[in-house]
Ligand code: 6R9
């Protein structure tokens with residue numbers, strides 16, 4: 001094996017669900033006969049009407065169609081709750097750890113979860129929500145967010161969660177994008193000791209939505225909100241009256257479970273659609289095997305339910321497995337940099353799953369905040385969201401895991417529903433920085449970006465594609481199947497194109513090298529550079545803008561914006577602040593440029609295309625090798641940009 005490897009310990013392997021021999025056997029079976037393999041593993045769910053057809057997939061140009069278990073029926077909420085009641089009704093389903101460490105944690109049992117989800121489902125039905133209707137969820141990381149998701153699933157409504165850090169404009173666009181009937185929000189979202197006024201944001205968003213959209217409001221802080229009669233509904237009051245039973249709707253396996261908006265390289269964010277049967281089976285199976293989850297374990301994924309990681313590994317995967325899942329409302333560094341570890345100790349966490357950006361931020365505070373706490377219950381550590389640099393991996397391994405916890409570096413996407421490349425902790429030797437090898441049923445290929453041909457040698461470098469479908473794959477872009485085909489299936493015909501570049505080493509291990517499109521990854525959050533650009537140019541004083549990513553020590557990538565002002569407008573520090581605030585308002589705090597350079601002009605080809613390659617190089621402070629600049633319309637603009645670059649060293 002090349003590079004430093006960490007084989008699973010004999011002790012871990014002894015009790016692991018999957019060891020090396022079993023991985024080889026099951027992986028081979030999953031590729032040899034996908035229908036037989038998934039036909040068997042689909043049975044981990046409870047079906048109302050069992051499926052007889054397992055796989056019906058076409059990646060053929062003009063006819064992209066993905067179906068799994070298509071003639072089966074089931075209910076996702078019943079799979080996540082009802083079927084556990086007889087055996088573990090009194091077991092904690094959700095541990096809720098509030099933002100403020102002085103506020104008491106909550107332990108919600110499966111029996112309680114059942115009642116609360118049923119009540120919320122009945123409230124939604126009373127508000128007029130029916131099977132197939134869309135419900136937008138804009139909530140803090142509180143148990144009601146999980147109730148809302150499962151309540152939608154129970155009655156067959158399709159939820160679309162909008163991360164609570166998004167602005168009213170972004171929220172409004174998503175409500176309109178899926179034509180939602182109801183938006184569920186809270187008065188305020190406490191986070192890191194501060195509060196975001198979610199209800200007030202929602203009021204602003206709804207100014208730009210249909211009059212018929214109703215709003216269900218959860219009380220979190222008791223903060224003041226304005227109230228519009230006949231539009232706003234008080235969840236806490238209605239829950240007192242609502243019936244505590246609601247029959248689960250019988251849903252087709254291919255009925256949509258949720259829509260989740262995510263950034264692409266062009267235009268507006270797209271609504272990724274996941275369906276019920278395949279998604280749930282895949283989320284549950286990967287949760288059990290990748291985290292080696294055993295009954296009674298306390299599982300903590302630090303993501304927000306506003307992202308896919310929260311959907312699959314806080315709510316659907318763990319609950320489908322009857323697990324205890326922890327939901328944390330706050331941030332890693334408040335009140336201090338020991339918060340994650342304090343929570344691990346307090347709730348005796350066994351599996352801990354976070355993002356490299358959080359690890360790097362905590363690493364910067366040294367070892368003391370970790371060493372203050374007893375992390376003896378930890379058995380496994382996971383990461384997701386971006387490539388993890390070996391320094392951060394080693395710190396995670398040595399200081400947090402004390403060299404005793406396998407690390408699973410899981411590569412996947414909103415589009416994939418669950419992990420695709422990942423170690424199985426009892427089977428796969430790990431290498432710091434590599435997402436290692438494919439999960440069952442997953443066939444990664446490396447393509448030559450120029451010819452589109454598969455590189456068949458073990459060692460390869462190119463774009464990462466998937467050769468065949470897996471049950472957790474997205475099915476379409478909401479309302480725009482053509483865009484689905486264009487984005488994922490048209491550059492490389494016959495394959496699903498991930499948008500990531502990768503390298504495969506001599507051992508067949510995959511190393512993700514980052515996006516090959518105009519998507520940047522800031523603190524593990526995906527953002528299209530086009531989105532930030534269109535926010536900037538929407539400002540009256542901005543003529544033109546170009547946005548690129550640059551290496552950032554904590555965030556992975558930072559946002560570097562080049563801005564050309566309208567004729568007659570002078571740059572100033574005030575204007576810089578104004579534009580930063582503008583982007584925050586248009587999209588949300590995560591989109592605020594880290595560096596903003598005034599650009600008298602942008603480097604363009606004679607046909608008017610912005611040469612981003614050059615802008616990237618300047619942003620990286622690596623302008624010695626700008627490559628071919630012969631096609632530039634006006635080479636002088638480049639000298640000015642270099643001269644006034646913002647990221648020096
Ligand atoms: C789950 C999630 C997807 C993009 C993906 C890739 C990057 C995610 C990674 C990783 C290297 C990993 N990414 N996990 N890169 N190693 N373990 O993050 O979904 O928000 O849709 O982002 O994130 O670039 O294409 P999403």
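The values are calculated or read from the model by the stated rules, or taken from the named source; none is laboratory data. As the structure is a prediction and not an experimental result, all values here were calculated from the model. All Cβ positions, glycine included, derive from the backbone under ideal geometry; neighbour counts span all protein chains shown.
Structural remarks
- Single unsatisfied condition, residue 352 versus (1) within 16 Å of the ligand (Cβ to nearest atom); (2) under 30 Å from residue 446 (Cβ atoms); (3) crowded, with 19+ Cβ neighbours inside 10 Å: (2)
- The condition of being surrounded by fewer than 19 Cβ atoms within 10 Å (Cβ to Cβ) and away from the ligand (no atom under 15 Å from the Cβ) holds for residue 452.
- Residue within the stretch 360-375 that is within 16 Å of the ligand (Cβ to nearest atom) and in contact with a helix residue (DSSP H, G or I) (Cβ under 7 Å, 6 or more places away or on another chain) present: yes
- Residue in the stretch 491-501 that is within 22 Å of the chain's Cα centre (by Cα) and within 30 Å of residue 366 (Cβ to Cβ) present: no
- Those residues of the stretch 571-592 which are assigned to a loop (DSSP other than H, G, I, E, B), at pLDDT below 95 and surrounded by fewer than 20 Cβ atoms within 10 Å (Cβ to Cβ), in sequence order: none
- Assessment of the stretch 505-518 against the conditions (more than 12 Å from the ligand (Cβ to nearest atom) and at pLDDT below 95) yields at least one matching residue.
- Residue identified as within 15 Å of the ligand (Cβ to nearest atom), in contact with a helix residue (DSSP H, G or I) (Cβ under 9 Å, 6 or more places away or on another chain) and within 25 Å of residue 254 (Cα to Cα) among 441, 433, 479, 417: 417
- Qualifying positions in the stretch 522-541 - under 14 Å from residue 595 (Cβ atoms) and either surrounded by fewer than 17 Cβ atoms within 10 Å (Cβ to Cβ) or over 22 Å from the mean Cα position of the chain (by Cα) (or both): 536
- Looking across the stretch 9-42, the residues that are surrounded by 12 or more Cβ atoms within 10 Å (Cβ to Cβ) and farther than 28 Å from residue 53 by Cα come down to 9, 12, 13, 16, 19, 20.
- Among the strands (runs of 3 or more DSSP E) confined to the stretch 404-466, the ones with at least 3 residues that are over 19 Å from residue 19 (Cβ atoms) are located at 444-447, 460-466.
- Checked against the criteria, residue 35 counts as modelled with pLDDT of 95 or more, assigned to a helix (DSSP H, G or I), more than 27 Å from the chain's Cα centre (by Cα) and closer than 26 Å to residue 253 by Cα.
- Residue in the stretch 620-630 that is modelled with pLDDT under 95, under 27 Å from residue 362 (Cα atoms) and in contact with a strand residue (DSSP E or B) (Cβ under 6 Å, 6 or more places away or on another chain) present: yes
- Some residue of the stretch 542-553 being under 22 Å from the mean Cα position of the chain (by Cα) and not in a strand (DSSP E or B): yes
- Checked against (1) in the same structural domain as residue 220 (by the TED database); (2) within 20 Å of residue 160 (Cα to Cα), residue 80 meets all criteria but (1).
- Counting only residues that are within 16 Å of the ligand (Cβ to nearest atom) and crowded, with 22+ Cβ neighbours inside 10 Å, the stretch 393-414 holds 8 of them.
- Given (1) touching a residue at least 24 places away in the same chain (Cβ under 8 Å); (2) in contact with a helix residue (DSSP H, G or I) (Cβ under 8 Å, 6 or more places away or on another chain); (3) surrounded by fewer than 21 Cβ atoms within 10 Å (Cβ to Cβ), number of the condition residue 90 does not satisfy: (1)
- Only a single criterion out of (1) in contact (Cβ under 8 Å) with a residue 40 or more places away in the chain; (2) part of a loop (DSSP other than H, G, I, E, B) is not satisfied by residue 484, namely (2).
- Complete set of residues in the stretch 44-55 that are surrounded by 13 or more Cβ atoms within 10 Å (Cβ to Cβ) and free of Cβ contacts under 8 Å to residues at least 24 places away in the same chain: 50, 53, 54
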